Amino acid sequence: LPFPIPCSLAQPVTPELLVSPSSQDGDLGSECPEDRGNWTGRLDFLLSCIGYCVGLGNVWRFPYRAYTNGGGAFLVPYFIMLAICGIPIFFMELSLGQFSSLGPLAVWKISPLFKGVGMGTILIVSLVAIYYNMIIAYVLFYLFASLTSDLPWQHCGNWWNTDLCLDHHVIKAGNTTFPVNITNTVSPSEEYWSRYVLHIQGSSGIGDPGRIRWNLCLCLLLSWTIVYLCILKGVKSSGKVVYFTATFPYLILVMLLIRGVTLEGAWKGIQFYLTPQFDHLLSSKVWIEAALQIFYSLGVGFGGLLTFASYNTFHQNIYRDTFIVTLGNAITSILAGFAIFSVLGYMSQELGVPVNQVAKAGPGLAFVVYPQAMTMLPLSPFWSFLFFFMLLTLGLDSQFAFMETIVTAVTDEFPYYLRPKKASFSAVICIALFLMGLILTTEGGMYWLVLLDDYSAGFGLMVVVITTCLVVTRVYGMKRFCRDVHMMLGFKPGPYFRACWMVLSPATMMALLVYNIIKYQPSKYGSYSFPSWAEVLGILMGVLSCLMIPVGMVMAVLQEEGTLWERVQQASRPTMDWGPSLEENRTGMYVASLAGSQSPKPLMVHMRKYGGITSYENTAIEVDREMEEEESMM
């Protein structure tokens, strides 16, 4: 036959009441889709989530955000926003993924009218994966450059240095009878980054990318090769790699922390980082910054959490895992701040300048300030290698999640064709994204990277998360969602989660979205301002992911029959096969939707087929009873 036979038609359907115990597990034929698999170890899921959430942002964004928004006082709005926005949305994503065992596209069987949300998610993740792997390529470049006795950014006098270059050793050893003016000078590490690694002087702006930097291109190719080899067998391979990539950064972070706090002047930096300025709490900006940090640090809305949870067993305790990951992520961010600012305090003392003059965020911290600080330490290549190896492992497991999200989403849509060829399909995706990322390896590539970073996952991501929250609570229904969680975990979400899902979380994210639109500022890289066409392109990137939602609605409505309102109503309801993916988990109301179920009491048939009543079947009976009571009252 030219087309595969659906599983439900692979054999004649026998009413379940007539199935004997010996024939319970019949062969469904070779045309059924290949099993999507599960995590193979007990800690695979937990470590994958920790590795996904604990990324580069914990090291180069949180410490800077903390000190610019009230120091220690910033922790107050940070943990409040974690409770209002972070933990509830995190738990919702895990619950959706685990309950359905579906990726970010197929999970919208919950309400096909909003499948465009999944399409928007995949677009956002694809754009982020392109530039995120370029950052990993920069890290690889510095990692290899650290394999030397003298770090190449330690001194001036190289071919890429200019007359403005000023070596810190000159400042330290200079005559103290006259002050050294460093305001119009540039550090060797800054010129190494901009003039050697990026060779940005070869580009006049974003419209003039210049030539490809082949050393960066090879690093990008290597980073994509590493990512592909680690996701080659899906979660079965990446789930083992994270045992190293999710735990080893903590070892290095502790080593850097111990080394940092033992340096002279370290306390000066830590004071600068944590001294509470409670007057900042009266500013709305501080609360918005805290919410943004939570939003991006936990990675909600990118589909990674939903994808990872979809490979869980049906009764995995994701309630416990939610608190372990979210609180662990917050503690890691705070620890990273100590490791960073202790070294910055030492550096400010060595240079004789205030801490706020050396403190930076983002790539400026990772590729300029911290490498410069490393040159001031004994055994500087060793500490530099450790720092960049930590960044590599932090970045890789986040990239694994992005790639697994894309691959899982598409293979779940076409299971018959793509699941048996998952390794080949993953290779095609990696090659395509590598080719799209080649523009980032040019002399003007940093301008494109900044544009992607500023716009690809901005307001579009917030719209996706807000829509998901509203669809689950309003369209699908809070009661029904809580029943699903009850059926899966054995207990219902408490008032805290219900209040956050219904009101607090969407309201907070709406405030974030409005704030971002009102306070919109054009992108800049240093003193370079982007032209208007680049700004329009960036805004279109964000808008395109939002446009996927109405596009998905139109497609869903066209597939239904009846009047327009009837079509909308039909498309907003869950599909018949929505629910747990495995037959033994489809208890209560979901048994009736199984192909071939012809019993008027499907739950009793289910118990007879799978042998007795467990605590979870008891839960299903309770849910059925609740539904019957509600129907009788109507």
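The values are calculated or read from the model by the stated rules, or taken from the named source; none is laboratory data. Keep in mind that what you see is a predicted model, and the values were worked out from it rather than measured. In this analysis, Cβ positions are derived from the backbone assuming ideal geometry, glycine residues included, and neighbour counts consider all displayed protein chains. Heavy atoms of the whole protein, side chains included, go into the accessibility calculation; ligands, DNA and RNA do not. Shrake-Rupley method; radii C 1.70, N 1.55, O 1.52, S 1.80 Å.
Structural remarks
- Any pair with Cβ under 6 angstrom, 6 or more apart, that starts in segment 134-146 at a residue that is of a type in the set (S, T, N, Q) and ends at one that is open to solvent by 10 Å² or more (accessible area, probe 1.4 Å): Ser146/Pro381; Ser146/Phe385
- Qualifying residue in segment 489-498 (condition: crowded, with 20+ Cβ neighbours inside 10 Å, outside any helix (DSSP H, G or I) and under 25 Å from the mean Cα position of the chain (by Cα)): yes
- Boolean, Pro602 is at pLDDT 80 or above and open to solvent by less than 70 Å² (accessible area, probe 1.4 Å): no
- Residue within segment 85-98 that is closer than 30 Å to Leu440 by Cβ and outside any helix (DSSP H, G or I) present: no
- Options Leu229, Leu216, Leu220; residue that is in a helix (DSSP H, G or I), surrounded by 22 or more Cβ atoms within 10 Å (Cβ to Cβ) and out of contact with any strand residue (DSSP E or B) (no Cβ under 9 Å at 6 or more places or on another chain): Leu220
So that you can scan it fast, the table gives a plain yes or no per residue for (1) open to solvent by 20 Å² or more (accessible area, probe 1.4 Å); (2) in contact (Cβ under 8 Å) with a residue 12 or more places away in the chain:
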{"site": "Pro354", "(1), (2)": "yes, no"}
{"site": "Thr375", "(1), (2)": "no, yes"}
{"site": "Phe388", "(1), (2)": "no, yes"}
{"site": "Leu391", "(1), (2)": "no, yes"}
{"site": "Gln399", "(1), (2)": "no, yes"}
{"site": "Met403", "(1), (2)": "no, yes"}
{"site": "Tyr416", "(1), (2)": "yes, yes"}
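- Lone unmet requirement of (1) in a helix (DSSP H, G or I); (2) touching a residue at least 12 places away in the same chain (Cβ under 8 Å) for Pro522: (1)
- Residue match in segment 528-542 (condition: part of a loop (DSSP other than H, G, I, E, B) and either open to solvent by 80 Å² or more (accessible area, probe 1.4 Å) or in contact with a strand residue (DSSP E or B) (Cβ under 9 Å, 6 or more places away or on another chain) (or both)): yes
- Selected residue (criterion: surrounded by the fewest Cβ atoms within 10 Å (Cβ to Cβ)) from residues of segment 288-336 that are farther than 28 Å from Thr408 by Cβ and at pLDDT below 90: Ile288
- Screening segment 450-464 for residues that are assigned to a helix (DSSP H, G or I) and open to solvent by less than 10 Å² (accessible area, probe 1.4 Å) and picking the one that is nearest to Val107 (Cα to Cα) gives Val464.
- Check on Ile110, of a type in the set (Val, Ile, Thr), surrounded by fewer than 22 Cβ atoms within 10 Å (Cβ to Cβ) and over 26 Å from Thr441 (Cα atoms): no
- Condition met for Leu435 (open to solvent by 10 Å² or more (accessible area, probe 1.4 Å) and more than 30 Å from Gly202 (Cα to Cα)): no
- Whenever a residue of segment 272-286 is touching a residue at least 24 places away in the same chain (Cβ under 8 Å) and under 27 Å from Tyr346 (Cα atoms), it has no partner that is open to solvent by 70 Å² or more (accessible area, probe 1.4 Å) and among the acidic types (Asp, Glu) lying with C-beta atoms less than 9 angstrom away and at least six residues away or across chains.
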